[in-house]
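**Q** Structure provided below as structure tokens; questions to follow.
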Amino acid sequence: LAILPGSDTAMGLAEHLSASLQLPFSNDPRMATQRLHKARMQEALLDAGIPALRTISSASEAEVEVWLREKELAGAPLVVKPANSAGSDKVFLIPENGDWRKALQRVLTEPSKLDGKNHDTAIVQEQAIGTEFAIGTVSSNGKHYIAQIIQYTKGRAGNRSVVYDYVEFIPFNEEVHG
């Protein structure tokens, strides 16, 4: 028996049900934050020795400004987004030398489309340039398996700088993907 959420909106319920039912093959509930919080995801990658985007989670413009200088990202292209959300909900691409502060305030003051609540913090991170992929995995008894590889195609619409147009499922290739 397994509980698969199917979407980001069901992840919390799936985590709760799985823990309550004490299923033998289940996500570690102590790691739920790493699956849901965008900054914790990046930290988990670093902890596993995998390169990650430089990221801060903060509600303070002053703290972000200091962090940007320390990381030598002042004036660099950035992404500002909620810590917990899905899709392109309040995701802002900030161009080189762009003003990230307005996006930070929008993330902090406008309710999430996911749950209708305001966010306590916003994520500010360096912008990765190139094609975006999502890798879905399944783990069992310490072994990890690729379940899906998704390539995103994004565009702009109206005043939105990030709109997901369509996704393409990429066939797994042992030689390419290992």
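The values are calculated or read from the model by the stated rules, or taken from the named source; none is laboratory data. All values reported here derive from a predicted model rather than from experimental measurement. Reconstructed Cβ throughout: ideal geometry from the backbone, glycine too, with neighbour counts over all protein chains shown. Accessible surface is based on the protein model in full, side chains and every heavy atom, while ligands, DNA and RNA are left aside. Shrake-Rupley method; radii C 1.70, N 1.55, O 1.52, S 1.80 Å.
**Q** As an exercise: evaluate Asn27 against (1) part of a helix (DSSP H, G or I); (2) touching a helix residue (DSSP H, G or I) at 6+ places or on another chain (Cβ under 8 Å); (3) open to solvent by 80 Å² or more (accessible area, probe 1.4 Å) and give the number of the one condition it does not meet.
**A** Just one mismatch for Asn27, condition (1).
**Q** Does any residue in the range 128-152 that is closer than 14 Å to Tyr166 by Cβ come within less than 8 Å, Cβ to Cβ, of a residue that is open to solvent by 70 Å² or more (accessible area, probe 1.4 Å) and assigned to a loop (DSSP other than H, G, I, E, B) six or more places away or on a different chain, and which pairs are these?
**A** So the pair list comes out as Gln151/Thr131; Tyr152/Thr131.
**Q** Within the range 95-105, work out how many residues are surrounded by 15 or more Cβ atoms within 10 Å (Cβ to Cβ) and part of a helix (DSSP H, G or I).
**A** First pass over the range 95-105, keeping only residues surrounded by 15 or more Cβ atoms within 10 Å (Cβ to Cβ): 98, 100, 103-104.
If we keep only those that are part of a helix (DSSP H, G or I) as well, we get 103-104.
Of the residues in that region, 2 qualify.
**Q** Enumerate the pairs (first residue in the range 72-83 and farther than 19 Å from Arg40 by Cβ; second residue anywhere and surrounded by fewer than 22 Cβ atoms within 10 Å (Cβ to Cβ) and of a type in the set (Lys, Arg)) with beta-carbon separation below 8 Å, excluding pairs fewer than 6 apart on the same chain, so at least 6 apart or on different chains.
**A** Leu73/Arg54
**Q** Output the residues belonging to the range 3-18 that are closer than 18 Å to Val138 by Cβ, over 15 Å from the mean Cα position of the chain (by Cα) and either exposed (fewer than 14 other Cβ atoms within 10 Å of the Cβ) or not charged (D, E, K, R) (or both). Lay out the reasoning, then the answer.
**A** Going through the range 3-18, the residues closer than 18 Å to Val138 by Cβ turn out to be 3-8, 10-11, 14-15, 17-18.
When the remaining residues are screened for being over 15 Å from the mean Cα position of the chain (by Cα), the result is 3-6, 10, 14-15, 17-18.
Those that are closer than 18 Å to Val138 by Cβ, over 15 Å from the mean Cα position of the chain (by Cα) and either exposed (fewer than 14 other Cβ atoms within 10 Å of the Cβ) or not charged (D, E, K, R) (or both): Ile3, Leu4, Pro5, Gly6, Ala10, Ala14, Leu17, Ser18.
**Q** Of all residues in the range 99-148, which are of a type in the set (Ser, Thr, Tyr), closer than 27 Å to Pro77 by Cβ and over 17 Å from the mean Cα position of the chain (by Cα)?
**A** First, the residues of the range 99-148 that are of a type in the set (Ser, Thr, Tyr): 109, 112, 121, 131, 137, 139-140, 145.
Those still in the list that are closer than 27 Å to Pro77 by Cβ too: 109, 112, 121, 131.
Answer for the range 99-148, where residues must be of a type in the set (Ser, Thr, Tyr), closer than 27 Å to Pro77 by Cβ and over 17 Å from the mean Cα position of the chain (by Cα): just Thr109.
**Q** Give all pairs with beta carbons closer than 7 Å in which a residue from the range 7-18 that is acidic (Asp, Glu) meets a residue that is open to solvent by 40 Å² or more (accessible area, probe 1.4 Å) and part of a helix (DSSP H, G or I); count only pairs at least 6 apart in sequence or on separate chains.
**A** Close Cβ pairs satisfying both conditions: Glu15/Pro29.
**Q** Okay, next question. Just to be sure I understand, how many residues within the range 44-64 are within 12 Å of Gln125 (Cα to Cα) and either in contact (Cβ under 8 Å) with a residue 12 or more places away in the chain or exposed (fewer than 14 other Cβ atoms within 10 Å of the Cβ) (or both)?
**A** Let us first name the residues in the range 44-64 that are within 12 Å of Gln125 (Cα to Cα), namely 52-58, 64.
Then drop every residue that is not either in contact (Cβ under 8 Å) with a residue 12 or more places away in the chain or exposed (fewer than 14 other Cβ atoms within 10 Å of the Cβ) (or both), which leaves 53-58, 64.
Here the count works out to 7.
**Q** I'd like to check something: does the range 108-120 contain any residue that is acidic (Asp, Glu), over 30 Å from Ile3 (Cα atoms) and not in a strand (DSSP E or B)?
**A** If we filter the range 108-120 for residues that are acidic (Asp, Glu), which is where we start, we get 110, 115, 120.
From the residues that got through so far, the ones that are over 30 Å from Ile3 (Cα atoms) too are 110.
The next check asks that each one be not in a strand (DSSP E or B); those that pass are 110.
Checked the range 108-120: at least one residue is acidic (Asp, Glu), over 30 Å from Ile3 (Cα atoms) and not in a strand (DSSP E or B).
**Q** What number goes with the only condition from (1) under 14 Å from Val124 (Cα atoms); (2) in contact (Cβ under 8 Å) with a residue 40 or more places away in the chain that Gly87 does not pass?
**A** Of (1) under 14 Å from Val124 (Cα atoms); (2) in contact (Cβ under 8 Å) with a residue 40 or more places away in the chain, only one is false for Gly87: (1).
**Q** Here is a follow-up. What's the number of the only condition in (1) in contact with a His (Cβ under 7 Å, 6 or more places away or on another chain); (2) outside any loop (DSSP other than H, G, I, E, B) that Asn84 fails to meet?
**A** So the condition that Asn84 fails would be (2).
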